[in-house]
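What follows is one structure encoded as structure tokens, with my remarks underneath.
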Amino acid sequence: MPHFKNAVAPPLGTGLGGLLTGLFVPDEGEVRIAGRSMRTHAVQALRDIGVVFQQMSLDLDLSVRANLMFHADLHGLPRADARSRIVQGCQGAGLGDDLERPVRELSGGNRRKVELVRALLHRPALLLMDEPTVGLDPKSRRDLLATVQADVAARASAVLWAMIPFLAVAQEPTKIIAMENLWNRAELNNDGPAVQLLLADDFVMTVAEGTLYNKAQMVASVADKTYRPLALQSSDLVVHYYGNTAVLTGAYYEKGIDKGKSWERRGRFTDTWMNLNGRWQCIASHFSVKPK
């Protein structure tokens with residue numbers, strides 16, 4: 001399969017990655033990797049495949065270098081070759097200065113780059129990308145694709161890219177962020193009915209001091225005219241997708257007047273959205289307050 005890169009959009013739950021990596025045995029037909037049957041020569045076939053999984057699979061507490069060296073050891077790479085390939089791969093992915101950093105400190109996009117470098121360490125003939133761009137921002141998606149394209153050009157490797165439809169990947173994060181902005185605007189205008197449309201019936205919110213609000217209480221607090229927000233801003237927004245659920249994290253700043261008293265605060269928040277019958281609604285929210 002040299003020089004070819006294919007993208008497939010299988011129905012959710014088909015287990016394509018499991019078939020290609022030997023986790024499942026097909027009821028009919030045969031899977032061959034580089035000419036070797038996964039049914040009769042699985043070990044040899046798996047030597048020629050690299051995988052970037054849909055879910056992140058790095059050890060967050062280990063450094064980038066330690067994660068990659070562990071993978072190289074599993075494949076039996078000589079230490080000198082492994083060290084050279086790790087440096088070369090990370091520099092090519094823009095991670096040259098992050099080799100000693102714990103993976104926990106990296107952004108979602110850079111963690112994906114580490115996983116791609118790891119998948120290519122043993123120079124596989126076939127690279128399987130199992131929905132690797134879900135939840136990534138546009139720049140991180142472009143960087144990931146550029147690294148894959150460079151490997152194909154350099155080694156004539158084959159790539160099988162399993163993905164949900166591209167437009168859905170590109171548009172959904174924008175949609176979630178747009179609804180967050182609508183929520184902010186509704187609060188600034190004391191528009192309770194607008195907030196009501198954005199929240200699921202079983203919505204819950206926990207605030208910094210531990211108070212729990214349901215949907216009715218949240219809508220009532222927004223509509224309360226003694227509560228007058230003067231500024232409400234969100235930043236550092238990141239959307240992660242898990243099936244029909246989206247988790248948005250970010251920072252916020254707000255100030256206003258509540259029952260005649262001025263207030264101002266900033267911190268971080270997490271909002272969980274779910275696609276319910278084709279319509280995104282927020283089901284849970286939590287925010288923390290940064291100490292002054």
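What follows draws every value from the coordinates through simple rules; no lab data is involved. Just so it is clear, the model here is predicted, and its values are computed rather than measured. Don't worry about glycine lacking a Cβ; one is built from the backbone with ideal geometry, like all the others, and counts go over all protein chains shown.
Tabulated values for the structure
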quantity: Subset of K225/K261; K175/K255; K139/K290; K261/K290; K139/K175; K225/K290 violating a 22 Å alpha-carbon distance limit; calculated: K175/K255; K139/K290; K225/K290
quantity: Added length on full extension, which subtracts the Cα-Cα distance from 0.36 nm per residue, Y242 to W263; calculated: 4.0 nm
quantity: Net length gained if the chain between A153 and Y253 were fully extended (0.36 nm per residue, minus Cα distance); calculated: 31.4 nm
quantity: Principal axis box of region 52-142, alpha-carbon based, largest edge first, Å; calculated: 36, 29, 21
quantity: Backbone N within region 250-270 under 16 Å of label point (7 Å from V289 Cα along the Cβ vector); calculated: 252-269
quantity: Separation between Cα centres of region 92-117 and region 207-254, rounded to whole Å; calculated: 31
quantity: Inter-site label distance for A42 and A216 at 7 Å from Cα along Cβ, in nm; calculated: 5.5
quantity: Protection proxy ranking, peptides 76-85, 236-245, 143-152, average beta carbon neighbours within 10 Å, highest first; calculated: 143-152, 236-245, 76-85
quantity: Environment charge of V31, counting only residues whose C-beta is closer than 14 Å and scoring Lys/Arg +1, Asp/Glu -1; calculated: -1
quantity: Fully extended contour minus Cα-Cα distance, from R142 to R228, at 0.36 nm per residue; calculated: 26.8 nm
